[in-house]
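The values are calculated or read from the model by the stated rules, or taken from the named source; none is laboratory data. The model shown is predicted, which means the values in this text are computed figures rather than measured ones. For neighbour counting, all protein chains shown are included, and Cβ atoms are generated from backbone atoms with ideal geometry for every residue, glycine included.
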Amino acid sequence: MVVLKLTLFFLSIFIPGWLAEKLWLKSRESFLCKLALSWGIGTILITLELFLWFFILRFKFNFFIFYLILIAQITFLFYLIIKNKLNFKLNPLKLSLPKINLGQAIVFILILIQIAFLLLNTLMRPPITYDNLAMWQYKPKVLFYENQINFDEQKYAYLGGGGHINYPWQTPLLSYWLYANLGEFNDLAGNLINLVYYLAILIIIYYFLRNYLSSLISLIFVWLFSTLPLPFYHAYNGYADLILSYYLLLAFTFLFYWLETREKKQLLASGVFFGCALFVKNDALIFAIAGLTVILIKSLIIDKKITTALKAGGFYSLAIILPLWPWLFFKAKYHLSFSNVGPGLGYHAGVWTNIYQALFLNNSFNIWWFAVIVSLLANVIKIKKQNSLLLGWLFLIFCFLGLAALYLLTEEYRFAIDNTALSRNLLALIPVSVVLTAVSFASKAGQPAE
């Protein structure tokens, strides 16, 4: 029975996600890549609908009525696809396994071994960390047992309860949807959510890199990502940081495609996924600003077109708001800030030590950030000659600078000093750093600078 309930949960996400991906992105990637995209789109659709239900309309949850709405949504997506004459046929070549040589087989087996260990942890280790129990699993638990959001300021469960009522709701609502389908609160089953996000990241990294590198090299970089301790740990622990890294990776890849092609649909997808990231964690605001900065540099400094900068920047900003408006409306109505601490600026020099330790000394990333720096220095001449690659690296650097400024200059410094947030923030940048490092070694990436 549990298997059937889990199947229903995953179908409720993958089916609308797949249909929306086909209608919106119309990607020509393989079945696996479409599946990875469908998961991210489907989870955003279902959590936004739940947010409207609980927070905007203030309804008490009714499982059957909500599923009727979901079925109506799927029917509507089917109708739009048929109306636009989009077929459902999959290229059989895309479904067949490619021919692999010995090297590819070995690396693929190493990746499978990592996934096998991850699966064991997922099925055997319930959440035990404080932030998970007090925040990311606490909110869905309260919602599951109360079946509605409490709007009484005198109650501890006000706006979901917990210590951070200003935190976005994508992760708690997705967990709640799983428990609603199971009919019980089962935090061990909740580990499956992050596991799927992790697998989706592996798939997206591989198919993005296949545009520039051989299958073997792409697999090697996927394997390198799978060996990093902190992402591996978050893949079976229900924090939001791994989910944030998934949406940030998608936002960056579409931004990179836009830098190469200047197609509006790529910029739209990038902005929408940055908006999705902001529905996962407030920290994504730094990354969205970094994306806007890169767009403006491309338009104003490289292309030297003010009109293009205004159009692209405005289009990108509107795309961010598209999936985010219910949450922004709610934050404004209830005066919820993006920060967890009070106002105040000041230079906190001691944070530099913690940044250094988080990057290079703690056992979170092995030697990965050393490898990133070496890759940047080794390919600096090539990077300077290729606009998309240069701007991609600038995006990563701006993200680092934004996080550094957050902890060096604001009251958020306390979360760097006690190392409760700094390493997790850096985790969100890992997939982007993987694809940038890999593409920097490609023989060709992007258009040469003029």
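Search the stretch 37-60 for residues being more than 28 Å from Ile201 (Cβ to Cβ) and surrounded by fewer than 18 Cβ atoms within 10 Å (Cβ to Cβ), and hand back the single one that is nearest to the chain's Cα centre (by Cα).
Residues of the stretch 37-60 more than 28 Å from Ile201 (Cβ to Cβ): 53-60.
So of that shortlist, the ones also surrounded by fewer than 18 Cβ atoms within 10 Å (Cβ to Cβ) come out as 56-60.
Working: Ile56: 24, Leu57: 27, Arg58: 27, Phe59: 28, Lys60: 29 Å.
Among those residues, the one meeting the criterion is Ile56.
Filter the helices (runs of 4 or more DSSP H) completely within the stretch 1-100 down to those with at least 3 residues that are more than 23 Å from Leu195 (Cβ to Cβ) and modelled with pLDDT of 80 or more. Before you say what the answer is, go through the steps one by one.
Numbers: elements: 2-24, 31-51, 63-83, 92-95.
By residue number, 2-24, 63-83.
Pick from Tyr145, Tyr207, Tyr130, Tyr212: which is touching a Cys at 6+ places or on another chain (Cβ under 6 Å), among the aromatic types (Phe, Trp, Tyr) and surrounded by fewer than 21 Cβ atoms within 10 Å (Cβ to Cβ)?
Tyr207
Among the numbered criteria (1) more than 30 Å from Leu389 (Cβ to Cβ); (2) surrounded by 24 or more Cβ atoms within 10 Å (Cβ to Cβ); (3) at pLDDT 90 or above, which one does Leu195 miss?
(2)
Given the conditions (1) within 22 Å of Pro172 (Cβ to Cβ); (2) buried (at least 22 other Cβ atoms within 10 Å of the Cβ); (3) hydrophobic (A, V, I, L, M, F, W, C), and given that Val2 satisfies all but one, which numbered condition is not satisfied?
(2)
Have a look at Trp39, Trp18 and point out the one that is touching a Lys or Arg at 6+ places or on another chain (Cβ under 8 Å) and within 27 Å of Phe61 (Cα to Cα). Write out each step before concluding.
Details: Trp39 fails: touching a Lys or Arg at 6+ places or on another chain (Cβ under 8 Å).
Every option except Trp18 fails the conditions.
If you check Ile41, Ile15, which single one turns out to be without any contact (Cβ under 8 Å) to a residue 40 or more places away in the chain and either charged (D, E, K, R) or out of contact with any Phe, Trp or Tyr (no Cβ under 6 Å at 6 or more places or on another chain) (or both)? I'd like the intermediate steps shown before the answer.
Working: Ile15 fails: without any contact (Cβ under 8 Å) to a residue 40 or more places away in the chain.
Every option except Ile41 fails the conditions.
Here's a check for you: in the stretch 280-328, which residue that is under 24 Å from Leu401 (Cβ atoms) and aromatic (Phe, Trp, Tyr) is nearest to the chain's Cα centre (by Cα)?
Only one residue tops the list, namely Phe287.
Does Ala405 qualify as being among the small types (Gly, Ala, Ser) and assigned to a loop (DSSP other than H, G, I, E, B)? Spell out the reasoning first.
Values: among the small types (Gly, Ala, Ser): yes; assigned to a loop (DSSP other than H, G, I, E, B): no.
Answer is no for this residue.
Tell me yes or no: at least one residue of the stretch 170-183 is more than 21 Å from the chain's Cα centre (by Cα), outside any helix (DSSP H, G or I) and surrounded by fewer than 20 Cβ atoms within 10 Å (Cβ to Cβ).
Yes, the conditions are met somewhere in the stretch 170-183.
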